[in-house]
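Okay, so here's the structure we're looking at.
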Amino acid sequence: MSKPQEKSQESKPEERLAHVQPDADKIVMDTERGTCTLHFRYPYEIDLDRIQTQENLLGWVRHLAGKPWMNRERLGLFIDAVAKHKGFRIQM
């Protein structure tokens, strides 16, 4: 009888990939640090304590939409990642 594998004590941040390529856009949700880091042109970190409501998320979407490196696909990835992490229901 084999022994079940133990889970690693070290928690790893959740990554959500936008593309399959190795240099893909990605978002890392680090629950230990309480941050959401957008890895697009360069790392852009957001403190998740600043997003408590869906209205806060909308404010961040508006803020990020003004960045020259942001696009529709990246905004969708950001919305999906934060909504999943925070338990927000996004209806289409």
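The values are calculated or read from the model by the stated rules, or taken from the named source; none is laboratory data. Treat the numbers as computed from the prediction; the structure is a model and nothing was measured. Counting neighbours? That spans all protein chains shown, and the Cβs are built from the backbone with ideal geometry, glycine included.
What the table below lists for this structure:
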| item | result |
| --- | --- |
| Identity of the residue in segment 60-80, under 16 Å from PRO43 (Cβ atoms) and aliphatic (A, V, I, L, M), that ends up nearest to the chain's Cα centre (by Cα) | LEU77 |
| In segment 27-61, the residues that are modelled with pLDDT of 90 or more, surrounded by 10 or more Cβ atoms within 10 Å (Cβ to Cβ) and among the charged types (D, E, K, R) | ASP30, ARG33, GLU45, ASP47, ARG50 |
| Residue among MET92, MET70 that alone is surrounded by 12 or more Cβ atoms within 10 Å (Cβ to Cβ), without any contact (Cβ under 8 Å) to a residue 40 or more places away in the chain and aliphatic (A, V, I, L, M) | MET70 |
| Residue check, HIS63 more than 14 Å from PRO13 (Cβ to Cβ) and free of Cβ contacts under 8 Å to residues at least 40 places away in the same chain | yes |
| Test: residue in segment 76-85 that is among the aliphatic types (A, V, I, L, M), in contact with a helix residue (DSSP H, G or I) (Cβ under 7 Å, 6 or more places away or on another chain), assigned to a loop (DSSP other than H, G, I, E, B) and modelled with pLDDT of 95 or more | no |
